[in-house]
Every structure is written in structure tokens, then in C-alpha cells.
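The values are calculated or read from the model by the stated rules, or taken from the named source; none is laboratory data. None of the values given here were measured: they were computed from a predicted structure. With ideal geometry, Cβ positions are generated from the backbone for all residues, glycine too; neighbour counts draw on all protein chains shown. In case anyone asks, the SASA skips ligands and DNA or RNA and just uses the protein heavy atoms, side chains included. Shrake-Rupley method; radii C 1.70, N 1.55, O 1.52, S 1.80 Å.
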Amino acid sequence: MPHRDLHLDFNEAFAPQQSNGITEAELEAATPNFIQVHRALKAMHEVGQVQFLNLPFLEDVLESISSRAQDLRSSFDTMVVLGIGGSGLGAKAIEEAIFGPLSLSSTPLPTKRIFVLDTLDPDYLAGFFRDIDLERTVFNVVSKSGNTVETMAQFMYLYELLREKLGPERFRRHLIMTTDPQKGVLRQIAKQEGLESFDILPGVGGRFSVLSPVGLLPAAFLGISIHEMAEGAARLIKRCKGEDLWSNPAGMLAMVTYLLSQNHGRGQLVLFNYSERLNRTAEWFRQLWAESLGKKLDLEGKEVRAGITPIQASGPRDQHSQMQLYVEGPPDKMVMLWSQEKFEHDLKIPKLYPEIESLSYLGGKTFSEILYAEMIATEQALKESGVPNFKLQLYGADAYTLGQLFYLFEIATVYVGGLLGVNPYDQPGVELGKKYIYGKLGRQGSEEFGATLARKLKDKRYVV
Ligand code: PA5
């Protein structure tokens, strides 16, 4: 597939064509804020921060991942990632974009498979560990902190299982750790046990780590060109170098979503995705956007309760499920339509029933044609109801495009964080939840949280 740039079409986000859209004057008035945020990002990068921007250029890392993945491919059929959130969603997104949803795909199945175990459901896990062929599987434990309950619980279960089934020495060949190069218990275990490991650079946070070994090792194991993905990301970074908004796609995406949410009451962003291959990428984006921007405090510690709620929808399925709400419900939404220009395959509808008018118009049309017509129709229905929307146009769902997509969203997220005045790299709300998990499970030092929970659980006043 040739390498093509992605495009954003904001026509339906601007007035006067969009009745509730942004005006050019409004954009102009906010542009100095964007320039400030853009310069701040640049300055931070120059002093060695925002390291995710360096990932696509780390040639030696790309090389070593590719070559190690090649060896793993000769020994194993399956890679199982034990990782959650930013440590799991990227690998899932890449796999599904390149190979298609396995149950539906008309693409030949990949010779290698990956699974991401981001669950604690015992029925799921019991079935999984019962059915997986341990001899042909390598397990990749991915955790930046090495502290994540879900991942570590799975790791401990698996460690015992592997040791028991494969023997006290051989089991180590089936375990890889992807974690911080120095810190955390996973690094300590890797050293202690002599396990193979990959580094997540200290300055790269979970949800910005897809182009580190976190996403790249599983991708390379699947035989995907990680160099092409990195090239796509590098291309997007290049397109976002300047402060002229109309030549900076992530800048425009950030400004449009920021202005629509702050000035037009559009606090919810619907990703209406018209490519089955990109549903997991939408899930990855949902986490990036939600965890980075949903913040109680701004950088000065003032309570702001910032955030734009991402909502995932897929077309045409959700035209028959959610669209009624988006078109006629509360005027609090903006919609980003994702379309894929080129599909790997297409299907033509036979010219049956020429005498039945309500069917004959479909004869001779292709499915991609109908899908596109449906997206344009959705766009028009949104327009007529005054719902601001814009289109993200992708050439295909190939590695190069994915690299662009990941970086479009990562950079836009950081810009929106800057515009909202919040820190996009932390997640104090998640940390709060973790303290109570530790409390409930009896981790040392978390007794106070455990006691609060115990009191809460005794309160049955409003239970039916
Ligand atoms: O984006 C993030 O920082 C989080 O979603 C983390 O990736 C997630 O909580 C998993 O953390 P860890 O990699 O430390 O296990």
C-alpha cells in the first residue's frame, strides 16, 4: 500500500456551514493560546522531556526489537501480553488494524497470534490457561510500574503454572518482561531470575508508549513492519512541527475539540468509526484522551474538573443504536467521523430483483460504496441537527497510517492538556482507586483505605 498522509476535514465544525460551529474570529482569538502551548511542548522536548516524541527515531531500539521478534517467531506461535491500560491497548489496536477482526476478516489469518489479557474474569482466565498451548507460547509481562494488581496477579499465577508444566529451568524461556529499566518490582524479578527484558524509557508514560517495546514487540512478533509504523509517526511529528494551525493537523484537532467543548457546550466527543479494523484503535484513543484530560485540578492546583468525554461508536452499527441520541438528544456532543478510503477487499451486490424498486437501487453497488454513502448521510444528518462534526480521513489501516494515527492523537492530547491547563501525563483519579484496591486486598500500608471500605460495605440503608 502506498504511503499516504491522513487528513482532517473540519468543514462541518465551523460556522456558518455548521450552525453551532466555531467562528473564524473565535479560532483567531484562541490561536495565541495554541502558540503558547505549542512552544511549551517544544521547549520541554528540547530539554529532554516528552520522550514519546523520540520513540519513532530510536533506530537501534527498532532494530533490536525486529531482530529479537524474528527469533521469537521461530520458536513460538503465540505471544500473550499480560498488560492493561496503556500497557495493553496499543498491541490490541495494532493487531486488529493490520489483520482485521479475526472472526470476520477475509484477510488470510496471521501465522502468529497475540492475546492481551487485560481482565481478571476467572471464567475467562481459567478457559484461557486451560486451552493455550504453553509449549508454543511466549508470555510478555508488560508493566511500567511493576505494581499493577491485574498484571501482577496474572503473572504470579502464570509463573507457577509455567514452572509446573514446563519444568524449573525451561519455563524461563517462555517469559519476557517489558518494564522500567531500573525501577519497580518487575525489573527486580527480571534481574533476580535472569529473565529476558525490554525497557520502557523512564520518561514515557503508559498511554504514550505504543511505539516503545510495549506495542512494538507484539507488533514485530506478528510480522508487522515496525519501521513503517515509526515512519508514519515521524511523518506526523514533522507535520506538527510548525505553529501555523492550518499546517498542523494535531494542532487543529486540539483547537477544534477544545473550542467546541469550552465555548459551545460540546463536552462529549463521539468517535464514529467506519472501519471495523479500527475499533481497537478507537478504544486505545478513548483511554489516551480520557485518562490524560479528565482532571480535577489544573497545573496551579485550582479545581477545574476538566475533560472531554470520549464515546466510542461504530458505523453503520451504531446508526441503528446510538445515532438517534446523537442527532436529537442533548446538544452536548461533537462527532469525529473516521473513514477509510481504501479497503483491502470489496464485495459487489448482484443485480437481483430489478422489478422491486426498494431493492433494485442496491444492485451493482459495492459494500465500500454503501458504507461511504452511509457515513456522508450521517454527516449530513448531524449537520442538519446542528451537531458539530469533522472527518478523519485515512488512506487504509496499514502500519504507516497507524503510526500517523497514534501520533496525531498523542500530540493532540498533549495540546488539549496544555489548552485546558492540566497535566496530561498523570492519573491521580486512577491512583485513588488503586489505594482502595490495595486496602481491600490487605496490602501493607493501605489499612486505612481497607477500613474505610469495610465501613462502607456494612452500610445497607439503601439496599433493596
Ligand atoms: O496510561 C497509563 O499510564 C495507564 O493506563 C497504565 O498504562 C496502566 O495503568 C498500566 O500501568 P503499568 O504499565 O504500570 O502496569
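The number of residues in the stretch 34-53 that are in a helix (DSSP H, G or I) and surrounded by fewer than 17 Cβ atoms within 10 Å (Cβ to Cβ) comes to 9.
The set of residues in the stretch 158-182 that are open to solvent by 30 Å² or more (accessible area, probe 1.4 Å) and more than 16 Å from the ligand (Cβ to nearest atom) comprises Y159, E160, R163, E164, K165, P168, E169, R170, R172, R173. Tallying residues that are in contact with a Leu (Cβ under 9 Å, 6 or more places away or on another chain), within 12 Å of the ligand (Cβ to nearest atom) and free of Cβ contacts under 8 Å to residues at least 40 places away in the same chain within the stretch 183-221 yields 0. Taking each residue of the stretch 340-367 that is open to solvent by 100 Å² or more (accessible area, probe 1.4 Å) and looking for partners that are β-branched (V, I, T) with beta-carbon atoms closer than 9 Å, six or more apart or interchain, yields E344/T107; L347/T366; K348/T366; F367/I349.
When the stretch 74-95 is filtered for residues that are open to solvent by 10 Å² or more (accessible area, probe 1.4 Å), more than 12 Å from the ligand (Cβ to nearest atom) and touching a strand residue (DSSP E or B) at 6+ places or on another chain (Cβ under 7 Å), the ones remaining, listed by number, are D77, K92, E95.
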